[in-house]
Amino acid sequence: MDSLLPTLGRLHPLVVHLPIGILFLLGLLEAAALVSRWKPFSKLPQLSPGQRTFVTGAGAVSALATVAFGWLLARNGGYDENLLGQHQSLGLATAALACGLWLAARLSSSALYATLLVATIAVLSVAGHFGGSLTHGSGYLTAAFAPPASNTSTISDAPFFTAAIQPVLSQHCTACHGPEKTKGGLRLDSFAALLAGGKHGSAIVAGDPARSDLIRRLHLPLDDKQRMPPKGKPQLADNDRQLLEWWVAAGAPADGSLASLAPPPAIAELLTARLGPSPLPTPPLPDRDATLALAAELETSLGIIVRPLARDEPWLEANARFRQKNFGDAELARLAAVAPALRWLDLGETAVTDAGLAALVGMKNLRRLRLDRMAITDVGLAHLSNLNELELLALHHTRVTDAGLATLRPLTRLRSLYLWETSVTPAAAETLRLALTDRYQLERWQTELTALQDKIRRQQITIDLGAPAAAITAKKSPEPTTPTVEENAEDPDA
């Protein structure tokens, strides 16, 4: 019985349409009967006393059933008490008026019948409005007419959650998880409510999208009962899901500007398209002529290689490896003159220390960095946390440990990390790999790839001429390959 009553309560959204349809149709038929008194409309239908009694009786019975199912549904909780109380009072009033309407029809009391019919439809309309507010949110009816929100502040100065995350939740989630309706005790209409969670616990685990219920439910099959938004509701676009996943992976910050959060280029482009042109200031490219002049001077004075990476671009590579112990902290500090232009930097086997690595903070455009065979530790890795462009990092033959890997988690573009001959354990390496892998994006691409392969198969034609002639088959496209990583593989770029 404990499980039956809540189940019956869920029939309320189905049953509620019966009295609405019956009573509004009754009002339409009675209006048609009034208009039929004029000769041009004389053929409009008129209800007989027996038909009127039957229709009003059906309306009264369905209204009473709706009230009963609604009461059972309300016991499940999760609704705003004030709004629910108003809706229940109006529902009871509608049922009472519908019963009175049936009695007036039975007694053939025309004046009382007409008054009750108008009152019933009016109260039913208001009750329906409050019911819609409970289900879809108080602004559902007027949402299409609401003026677009003026973007008086850009993402550069607005709290990130308010500007970028809350609009997604408001569009897809707060109708069921807001102030009027709170399914599962979870509200998503504010940052504090999101962190508080519901009866199933916290909706997000900062820094871990895979363990965050909010993200996990977005990727369940559409027919899964735990899928959110559920089947039949507007689903999130891929861009919205990517934004939520990145936000959770970045630690689910409430404040901070886009510039301070330093999202990867794909997310920055997404936000630029959504929030207006250029919310993230684009740093100017280094001046090529001035950069090359400084590079030539440093190459001569430091005795290292400082060369341009491409003929028409200002980006540089610097290699101090062959200087070995003759290149230390002081020499690295002098590279600050060309820091914005450095893309590749090789400090392997040099005498640079943990303290000297502080000079890397200004080299924000680095994509390849080699620190192998140096006397650096976890302390030095802390200076790498803002190198958001970094794609390759060599740390093999150093004193780096598991604790140092935590400082690398902000490096979302890191794709190659070399750690052999260190104190890093396989478990810590796997944890970092999972943290830096966009598993959901890979799953989406795999789904798309499977669909494309299926299309390719459907387009292939096989013609069999019978033995001994060989079958003629349309040439098949090569199967895509998956990159693999060999254990203890040598650094291919060393």
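Listing for the model above:
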| item | result |
| --- | --- |
| Members of segment 404-436 found to be in contact with a helix residue (DSSP H, G or I) (Cβ under 6 Å, 6 or more places away or on another chain) and surrounded by fewer than 14 Cβ atoms within 10 Å (Cβ to Cβ), listed by number | THR425 |
| Among the residues listed as ARG52, ARG75, the single one being among the charged types (D, E, K, R), on the phi < 0 side of the Ramachandran plot and buried (at least 19 other Cβ atoms within 10 Å of the Cβ) | ARG52 |
| Yes/no for ALA358 being of a type in the set (Gly, Ala, Ser), surrounded by fewer than 17 Cβ atoms within 10 Å (Cβ to Cβ) and touching a His at 6+ places or on another chain (Cβ under 8 Å) | yes |
| Among residues of segment 124-135, those that are touching a helix residue (DSSP H, G or I) at 6+ places or on another chain (Cβ under 7 Å), closer than 17 Å to LEU28 by Cβ and at pLDDT 85 or above, counted | 1 |
| The lone exception for LEU101 - which of (1) buried (at least 22 other Cβ atoms within 10 Å of the Cβ); (2) of a type in the set (A, V, I, L, M, F, W, C); (3) at pLDDT below 90 it fails | (3) |
| Residues (of a type in the set (Ser, Thr, Tyr) and surrounded by fewer than 17 Cβ atoms within 10 Å (Cβ to Cβ)) located in segment 287-331 | THR300, SER301 |
| Close pairs (8 angstrom Cβ cut-off, 6 or more residues apart or separate chains): closer than 14 Å to PHE54 by Cβ in segment 92-116, surrounded by 15 or more Cβ atoms within 10 Å (Cβ to Cβ) and among the basic types (Lys, Arg) anywhere | ALA105/ARG52 |
| Some residue of segment 183-203 being modelled with pLDDT of 85 or more, within 11 Å of the chain's Cα centre (by Cα) and either in a loop (DSSP other than H, G, I, E, B) or closer than 27 Å to THR412 by Cα (or both) | no |
| Residue that is nearest to ASP346 (Cα to Cα), among those in segment 386-414 that are assigned to a loop (DSSP other than H, G, I, E, B) and over 30 Å from the mean Cα position of the chain (by Cα) | LEU395 |
| Test: LEU243 is part of a helix (DSSP H, G or I) and either touching a residue at least 40 places away in the same chain (Cβ under 8 Å) or touching a strand residue (DSSP E or B) at 6+ places or on another chain (Cβ under 9 Å) (or both) | yes |
| Flag if HIS383 is crowded, with 17+ Cβ neighbours inside 10 Å, of a type outside the set (Asp, Glu) and either modelled with pLDDT under 90 or over 29 Å from PRO263 (Cβ atoms) (or both) | no |
| Scan of segment 217-256 for residues that are among the hydrophobic types (A, V, I, L, M, F, W, C) and either more than 17 Å from VAL168 (Cβ to Cβ) or exposed (fewer than 13 other Cβ atoms within 10 Å of the Cβ) (or both), ordered by number | LEU220, LEU222, ALA237 |
| Test for LEU417: is it in a strand (DSSP E or B), at pLDDT 60 or above and within 30 Å of GLU317 (Cβ to Cβ) | yes |
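The values are calculated or read from the model by the stated rules, or taken from the named source; none is laboratory data. As the structure is a prediction and not an experimental result, all values here were calculated from the model. Ideal geometry is used to build each Cβ from the backbone, glycine not excepted, and the neighbour counts take in all protein chains shown.
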